[in-house]
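The values are calculated or read from the model by the stated rules, or taken from the named source; none is laboratory data. Keep in mind that what you see is a predicted model, and the values were worked out from it rather than measured. Positions of Cβ are backbone-derived with ideal geometry, glycine not excepted, and every protein chain shown enters the neighbour counts. Surface areas here come from the heavy atoms of the whole protein model, side chains and all, with no ligands, DNA or RNA. Shrake-Rupley method; radii C 1.70, N 1.55, O 1.52, S 1.80 Å.
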Amino acid sequence: MLGSSNISFKNRFKLVPKGLRIKNCCLQYDEEPESVSLINSASSPASRGSSIKYNNRRRAMDGVNGGSGNRARFSSDDGSDLFGEGSSNGVVSQSLSGGELSEPAMVHVEQRSGLTKRLKRNNEEWGSGWSRGGIIDSDWLTDYSRVAADALQTQKISMYSSVRRLVRRIGRRSEYRGVLTDADFGYDMTVANGDTEEDLTPDSPPVFSKYEDFHTIDWQRDLARDRLRHKFIVAKKHDFPFGLLLSMWDAGSGWICVLLVGLAAGAVAGIIDIGARWMSDLKDGICADRFWLDREHCCWSSNDSFYKDFDCNSWTTWPEMFNYYDKNFFYYTTEFVFYVGWSVLMAGLTVTLVKVFAPYACGSGIPEIKCILSGFVIRGYLGKWTFIIKSVGLILASASGLSLGKEGPMVHLACCIGNIFSYFFPKYGLNEAKKREILSASAAAGVSVAFGAPIGGVMFSLEEASYYFPLKTMWRSFFCALVAGIILRIVNPFGSDQTSLFHVDYSMKWTFIELIPFAGLGLFGGILGSLFIWSNIKWCRFRKTNKILGGHPIYEVMIVAALTSAIGFNNPYTRKSASALIKQLFDRCGPEDYMQDLCDYQNKTFSSDKVDDNYHTGEFGIGVTNAFWQLIMALICKLLFTIFTFGVKVPSGLFVPSMAMGAISGRLVGITMEGIIASLQQSVGHNDMWACQIGKDCVMPGLYAMVGAAAVLGGVTRMTVSLVVIMFELTGSLEFIVPTMVAVMFAKWVGDAICSLGIYDAHIELNGYPFLDNKGEYPYSTVASQVMKPGAGNDDLGVIYQDSMTVGEIEKLLQETQYNGFPVVVSSDSMSLVGFCTRRDIQLALATARKTQSYVVTSSIVVFSNTVPEPSSSGDPAPLKLRRLMDLAPMTITDQTPMETVIDMFRKLGLRQVLVTKNGRLLGVITKKDILQFMKRSEH
């Protein structure tokens, strides 16, 4: 058995097939990027300095299919070709002396299952060549040489294509347990290190990145990697036909990915809408002959309803299931028990699923999505379990009667779909910065299917969600939202053949005098939104600090569900779902509404075939008066319920509850204005200020409900352009964009004056996420030296010296500090900056070097320069060279750089840290966390 041996590559990878594992093998490039060395650290095949360990049982691997000009060339010490013809650009040389480890990496392979026996001809041909070199005997080579030949089988050594070829060939006989990860390969600092253009060959292999949980990504580094990958693809374009096909696939993979996301998002949204409507009606009863239909579709099929909300004969309430048809005390008690019981059961099941299977499935998800799109990494937040549990939980939670909506979580679900599909396209799945382009398009699709508003979804992603939104991403977001909207229309979950959720058809025009109450609704929306944000954040902070409340989320959800359903049972405007309530408040009164209190006017004049223009003129009946007070109580209850519900451990959105509160307040204002105008008409007569004839409708209360819904939602979320577009697509009312814009702008002005943060930004701040808003302005009169760490006069700055620190000293530095990276300087005297190394890279490099290189000991010098220092004595251990791990061009600023400039650099370039220097000497480091802490101190 061989002990250990090294194969050098610049980039590192890890391949873990089920049937094959190579142990303790190191791959790295030599200083010449196009030459590769197979280095052995001892002259004997059995020496413990070698790194390829192999079970000496006779195993064989088939699947090599190399040829002239395509297989890497292996040569012995005398330069002769061992394996036959090969390309001169991919020469693999042998060395009998110890090798230098520059960028260690492990390729673990272990032969477990028996494969086909190696042909005698190949054993003789290849084994004899290696025996001449004196490194590996022919018995071992029979089993292993084919793998090495496969892994190095390109004209210019390309790690990525070689490994993928190896994966495909071994995959015929074994199942893979792992994937390529940056944990074991991923250093590509060629661009950052300032290598010359000649060194950056088009065949340079693409490199991928993996970040730790709750870390921020390096946008510049990931985008540079993608440019290198694209350069590699373009270079292969001339290799007809596979190079051309690869280039075409790479160009179209983004569009294919967002197409799949749109298809899946539309289908999932349709299923959730259908399931939520059916389970929501389950609290009241069931369709006896067709149990799979909700109440509306059940009564449509029976065709015996006389007016809206009338229970048809096919719909059976729960007391009627027990043959109680007399509406007495027992009837209402049974109805109440079933209503509250179903609500508590659904809410309890939801929170149990979330707690047990997917803790990240709770809440709206939009605050976390904003952080993820800004570059923050939250492992598992967009995973498959989160997607499954949130989809099921969203149906149950919205049907339980809790004051929440399913529109916000739809954005989270769409981003989960985008994350899952991105892994089918390595261009996006293995590059965190590129993946966020898919997630931005997914967020647009989420709003598109939630409201039936494709353009509003794109505007929402641009205005509210996305951090990095190039023009190409906007086009793909539009396409993704379009596909999702089409699929939702095909599924037709509401059975109305309309994409707009709350379609209205007002026949009247608004007058300029009505801009005053519209602006008043905007003021009310800003005040109510600020009150809601303040109260909800206070309650969520109390939940975080209280052990009893925070430690028992199941009990909290069940108590909130019981109180919500019990209190809201007797009020018809709190008993029905928020979406049904909004639709009713948006509608104008017609013949089908004559039994509703909200449309109880004394002078109803309509025919059987169409609604007359003067259906009502503001003379209220007793029903309208009762509905007025019921709406006031519903508004108070909705506000309180939503304050205590948003933030519990169930999937919960905020769009629909906010719109419901706004629609209630708008309808109240509309009814009031209708009465005032009617009184003025009777006392004053016709006036140019209200351009309508006597006896005709001058005020449409449903229009005020629509404007009020936009105003409160704008006051809560602080959205502007996207909100107006969503409301336009939601109602299909192009005529009333101006009133909506007036209300939304007043709501934002008043809300920003009272509380500067919207609800999503407030929750980001509450959870302590490192989110640097790219839309704010920060006029600070400070300089970088006042914010950097360590501060002036503090010597606690963890640095690495380029050629004077040992392995033990660096390991001690890693143990004693928690920094995520370390500047590399010349020496402690000069402190001249050389580069920057991340903590993860150094830890992995040292751990791998100790495992694979016997000469790497605690006293080995670690070198970050081109020149290796001469050993002071012959007994000194060999140095460990890690220059390739270092970023030679880190972002640097001077100590007098204004903080406004520094903040702009972090926001627009997506930096993780900048180094502060003075006359070339390192003074300190500024991270995104330091920026956020500085901004928080400045606000107070």
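Annotations for the structure displayed:
- Surface composition of segment 784-939: carbon plus sulfur atoms hold 48% of the accessible area, using a 1.4 angstrom probe and ignoring ligands, DNA and RNA.
- The listed peptides 805-815, 554-564, 516-526, ordered by packing as a protection proxy, come out as 516-526, 554-564, 805-815 (highest mean of other Cβ atoms within 10 Å first).
- Residue pairs, from the table Lys327/Lys638; Lys547/Lys929; Lys355/Lys649; Lys544/Lys936; Lys427/Lys472; Lys390/Lys649, whose Cα atoms sit over 18 Å apart: Lys327/Lys638; Lys547/Lys929; Lys544/Lys936
- The residues neighbouring Ile455, those whose beta-carbon lies less than 13 Å from its own, together hold a net charge of -2 under the Lys/Arg +1, Asp/Glu -1 convention.
- Segment 730-749 versus segment 812-834: alpha-carbon centroid distance in Å: 56
- Dipole magnitude (debye, nearest 20) for segment 252-491, charges at Cβ of Lys, Arg, Asp, Glu: 1240
- Order by protection proxy (mean Cβ within 10 Å, highest first), peptides 336-342, 325-331: 336-342, 325-331
- Dipole moment magnitude, nearest 20 debye, segment 787-940 about Cα centre, only Lys, Arg, Asp, Glu C-beta charged: 600
- With a Förster radius of 35 Å applied to the C-beta separation of Val721 and Glu619, the computed FRET efficiency comes to 0.30.
- Shape category assigned to segment 784-939 from the gyration tensor of Cα positions, a/c cut at 1.5: prolate
- Extended-chain gain in nm, criterion 0.36 nm per residue less alpha-carbon gap, Leu766 and Phe329: 152.6 nm
- Put a dot 7 Å past the Cα of Asn626, heading toward its Cβ, do the same for Glu809, and the two dots end up 8.7 nm apart.
- Pairwise label distance in nanometres, His238 with Asp876, each label 7 Å out on the Cα-Cβ vector: 4.8
- Each peptide in 761-771, 708-718 receives the mean, over its residues, of other Cβ atoms within 10 Å, and ordering these scores from highest gives 708-718, 761-771.
- Classification of segment 430-540 by its C-alpha gyration tensor yields an oblate form. The axis ratio a/c (a ≥ b ≥ c) is 1.5 or more, and b/c is at least a/b.
- Summing charges over neighbours of Ile527, with a neighbour being any other residue whose Cβ is under 13 Å away from its Cβ, gives 0 when K and R count +1 and D and E count -1.
- Charge dipole of segment 747-885 about the Cα centre (unit charges at C-beta), most positive-ward option of Thr848, Met831, Tyr801: Thr848
- Global geometry of segment 369-477, whether rounded, prolate or oblate, following the gyration tensor of its Cα atoms and the 1.5 cut on a/c: oblate
- Considering only Ile487, Phe460, Phe512, and ranking their Cα positions along the charge dipole of segment 457-531 that arises from unit charges at the beta-carbon of Lys, Arg, Asp and Glu, the one farthest toward the positive end is Ile487.
- Here the simple spin-label model places points 7 Å from the Cα toward Cβ, and for Ile559 and Val857 these points are separated by 6.5 nm.
- Legend: calculated FRET efficiency, Asp904 to Glu212, from the Cβ-Cβ distance at R0 = 30 Å, rounded to 0.05, equals 0.65.
- Once the C-beta distance of Gln933 and Asn820 is scaled by a Förster radius of 22 Å, the resulting FRET efficiency is 0.90 to the nearest 0.05.
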